[in-house]
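Report on the following structure.
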Amino acid sequence: MKDLKYIAAFSIPVMAFLGLFLKGYWVWATPIFAFLCIPILELIFPVDTDNLKPDEADNKLKQKLFDWLLYLNLPVVYGLVIYGLFTTSFSVLQTYEFVGIIFSVGIVLGVNGINVAHELGHRQTTNERYLGKALLLPAFYMHFYIEHNFGHHLHAATPEDPATAKYNQSVYSFWFTSTLRQYFNAWKIQLKLLKNNKKHFFSLKNDMFWYVFIQISYVIVVVVIFGISGLIFAIFAGIVGFILLETVNYIEHYGLLRLKTKSGRYERVKEIHSWNSNHVIGRIVLYELTRHSDHHYKTSKKYQILDCHDESPQMPYGYPTSMVLAMVPPLWFKIMNKRVPKTMISN
């Protein structure tokens, strides 16, 4: 039964569905659940630092249940996007309902869309990677696959990484710097990959070109079928989705820096270069993303077997709670700045 705990990750899509179905003030149930109820639950439930034994980890890797719990997010996410498009285009809504639906579906795009896409994007099979890219589409963040896998994991916790927040940088500033730099970095990485493989810009291997084409096609289909209301919903729900991702990026590496060796190169990525959280609710809802230190330490590890490392910097709260705190920069700095190693600040 313990393995079924990740079904709780679908609690956010369930709340979004209820909002779409019931309308009225119910459309705000998802934001309230995600950023009020879950943080409260994180404070109530204990922190779990236990790691799996080798035989337990091997057993979990053999169970396809953990993979199917990820795959199920594809119909869930697209089902809610389509439901949202129909609701915002063909129903008479108050402004607060329209905005609430945007936020509700946008949160699903971030949590059950981009977050799951991140996990699948690290898989070795092509089909799983395709599923991951499909989950990035409604948030207009397909370039994330290239930048994250070929950029972030190479440069994490260095000034060269757009997705590493600087010490004393606010989350609002980070939204702009990370979003823009990641997109342009993705193009740089793509052009380098094409050059290394002796392919030209208009090659079928230019994934960035395909991402632009697919995302523009998505927008055109939305406009043709659902009109301007559908377009507004789709665009702003996508923005909410990737802003949610960037907020997670912000707290994952905030203020942490890899030191340079005598040769002038950065030290390799260690467990100390990502903020870790063992708060059980956030771990379950985010498919163990909160054990981020181990993810960077060994990127091929599947979510169900990620470990806690004692040497990793620990967040005082879970990721959902920390995202809320980040919205108030003075409070965030007061809590987190003293936890950043002094050697990293002076670097």
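The values are calculated or read from the model by the stated rules, or taken from the named source; none is laboratory data. It should be emphasised that the depicted structure is a prediction, and the values quoted were computed from it without experimental measurement. With ideal geometry, Cβ positions are generated from the backbone for all residues, glycine too; neighbour counts draw on all protein chains shown. We work out accessible area using only protein heavy atoms, side chains counted, and drop any ligands, DNA or RNA first. Shrake-Rupley method; radii C 1.70, N 1.55, O 1.52, S 1.80 Å.
Side notes on the structure shown:
- From the largest down, the range 241-347 spans 41, 36, 27 angstrom on the principal axes of its Cα atoms.
- Ranked by how many other beta carbons lie within 10 Å on average, peptides 264-277, 311-324 from highest: 311-324, 264-277
- Computed lengthening from Leu4 to Lys195, 0.36 nm per intervening residue step minus Cα-Cα distance: 64.2 nm
- Figure legend: label point modelled 7 angstrom from the Cα of Leu43 along Cα→Cβ; residues of the range 302-329 with amide N under 17 Å from it are 316-328.
- Ellipsoid semi-axes in whole angstrom, largest first, where each is sqrt(5λ) of the Cα gyration tensor of the range 187-272: 36, 24, 6
- Taking the accessible area of the range 182-335, probe 1.4 Å, and keeping the other protein chains in place, the carbon and sulfur fraction comes to 67%.
- Once the chain from Leu154 to Thr343 is taken as fully extended at 0.36 nm per residue, the excess over their C-alpha distance is 65.9 nm.
- With the convex hull constructed from alpha-carbon coordinates only, the range 1-112 shows a mean projected area of 8.2 nm² over all directions.
- Per residue accessible area in Å² of the chain, where ligands, DNA and RNA are left out and the probe is 1.4 Å: 48 Å²
- Cross-link table Lys62/Lys302; Lys2/Lys60; Lys5/Lys302; Lys62/Lys301; Lys260/Lys302; Lys205/Lys302, entries beyond 18 Å C-alpha to C-alpha: Lys260/Lys302; Lys205/Lys302
- The spacing between the range 241-262 and the range 276-318, judged by their C-alpha centroids, is 14 Å.
- Per residue, the chain reaches -17500 deg cm²/dmol at 222 nm when only DSSP H runs of four or more residues are counted, each adding -39500 (n - 2.57).
- Ranked by the mean number of other Cβ atoms within 10 Å per residue, highest first, peptides 285-293, 214-222, 300-308 order as 285-293, 300-308, 214-222.
- Gaussian network model of the chain, Cα within-10 Å springs - most flexible of Phe66, Phe202, Phe150: Phe202
- Shape analysis of the range 189-235 based on the Cα gyration tensor places the equivalent ellipsoid semi-axes at 32, 9, 5 Å, largest first.
- Every Cα-Cα pair in the range 308-347 was counted, and those over 17 Å apart are 37% of them.
- Solvent-free Debye scattering, log10 I(q)/I(0), computed from the Cα coordinates of the range 83-180 at q = 0.15 Å⁻¹: -0.75
- Of all accessible heavy-atom area on the range 95-146, the percent that carbon and sulfur account for (1.4 Å): 62 percent
- Under 24 Å from the Cα of Lys334 - lysines, other chains or at least 8 residues apart: Lys166, Lys342
- Applying a length cut-off of 30 Å (Cα extent along the axis) and a mean Kyte-Doolittle floor of 0.0 to the DSSP H helices of the chain leaves 207-253.
- With a cut-off of 12 Å between beta carbons, the residues surrounding Ile284 carry a summed charge of 0, where Lys and Arg count +1 and Asp and Glu -1.
- Within straight-line cross-link reach of Lys199, lysines at Cα separation under 23 Å, skipping those fewer than 8 residues along the same chain: Lys133, Lys188
- Spread of Cα-to-Cα distances over 10 Å intervals beginning at zero, given as percent, for the chain: 5, 25, 34, 25, 9, 1, 0
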